[in-house]
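Below: one structure, written as C-alpha cells.
Please treat every number below as a calculation from the coordinates, not as lab data. Note that the structure is predicted; figures quoted are calculated from it, not measured. Glycine also receives a Cβ, built like all others from the backbone with ideal geometry; neighbour counts cover every protein chain displayed.
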Amino acid sequence: MPGSVTSVFGEANDFAAAMRAEGCCFGLLVTGPGAFRARLTRVALHRLRLSAAEEHLPRVALVAVPTDMILVSLPSGSGPAPIWGGLGLGAGDIMTLGAGQRLHMRTDGPCRWGAIWLPTGELVRYGSALTGMSFAVPAAALWWRLRPAMMRHLRHLHSAAIRLVESGSRAMIDAAAAHGLEQQLIHALVECLSKGSVIEVDRATREHQDIAVRFEALLRTEPERVLRTAEICKTLGIPARTLRISCEEQLGMGPTEYIRRRHTTGGRQVKVS
C-alpha cells in the first residue's frame, strides 16, 4: 500500500521524527552510549496503521495518542519489549493506550516492538458488529493477558504485513489482499479486547505514571531553565520522595539525572515539535 516503507536510521533525530509520524512522540532522550541505530517498518492500510521497530540503544520518550485513535503495543520477536508506564510486556501481553492519553515508553537496551493504530470509532463499530453487543474502547492505559492462541494469531497477522513490506512484495499493493489482511487484523483485535484478561495495575503505579507525565509537561513549559527539585515538588504538589520514585519507575532515572541529561550538550535529547 502507498506509504508502507522500511527505514534504517543512524541518527536519533530522524528516528524521532519517524516515530512522531506514527503517532505523537514528544521528544526522545537517548540514555546510553554508542552509535545510534534503529530500523522502523511502517504499513499503511485503509483503516489501520502498523509499525515494527528494532532499536539498539536505551532511550525514553513520551507518547501521546491522537484524540481519535487507539494504540495497541505488542511484543515483536523474542527480544525484550519496551517498558510502558513502568511496566514491561510479557510474551503473551499487549498494551492499549486510548485516545488523548499520554504515557512514557522507554527501552533499557536493545529492543523490538510492534504497534497497531486504529481510529476509535472504527474499532467501536466493528466491535459492536462482531460481538453483537455494545463495545467500549478503553481510554486509560491497560495491559492485557491473552490466550496463547489469540496472541499467536495477532502476532502472525502483524508479522505477515511487516514481512510483506520488508520483502518488497507487491502483495501489499493489491487492494483486495490488503483489505483482507486488514479485516483479519481488526477481527483479531476485537477478539483480544473482548476475551482477553485485563492485568490489574496498582494505584501507586497509576499515580507514578500521572506524576511523570505532569513532570514532563512542567519541564517543557520552561525548557531552558534547570528547575530545582523543591520548585518542581511545590508546583506538582507532591513530596520529593514521591517524585523520585515516580521518575525512577517511569523514566529509568531520578528527576535530577533526567533534567541534567536533557540539558547536557551531547545528551542527545531529540525535540520533536
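In deg cm²/dmol, rounded to 500, what helix-only [θ] at 222 nm does the chain give when every DSSP H run of at least 4 residues adds -39500 (n - 2.57) and the total is split over its residues?
Counting only the DSSP helices, I get -13000 deg cm²/dmol.
Its residue count N sets the reference 2.2 N^0.38 Å, and the alpha-carbon radius of gyration of the stretch 122-174 equals 1.52 times that reference. Between His263 and Val8, the simple label model (points 7 Å from Cα in the Cβ direction) yields a spacing of 3.9 nm. Ordering Glu224, Glu257 from the fewest to the most neighbouring beta carbons within 10 Å gives Glu224, Glu257. Of the complete DSSP H runs in the chain, those spanning 20 angstrom or more by Cα along the long axis with a mean Kyte-Doolittle score not below -0.5 are 148-166, 175-195. As a calculated quantity, the FRET efficiency between Arg228 and Ala204 at R0 = 25 Å, using C-beta atoms, amounts to about 0.50.
A full extension of the chain between Thr67 and Thr131 corresponds to an added length of 20.6 nm, given 0.36 nm per residue minus the alpha carbon distance. Taken over the chain, the alpha-carbon convex hull comes to 124 cubic angstrom per residue. Rounded to two decimals, the Cα-based Rg/Rh of the stretch 203-267, with Kirkwood Rh, is 0.94. Normalised by 2.2 N^0.38 Å, where N is the number of residues, the C-alpha radius of gyration of the stretch 47-150 stands at 1.09.
Rounded to the nearest 20, the size of the Cβ-charge dipole of the chain about its Cα centre is 240 debye, with Lys and Arg at +1 and Asp and Glu at -1.
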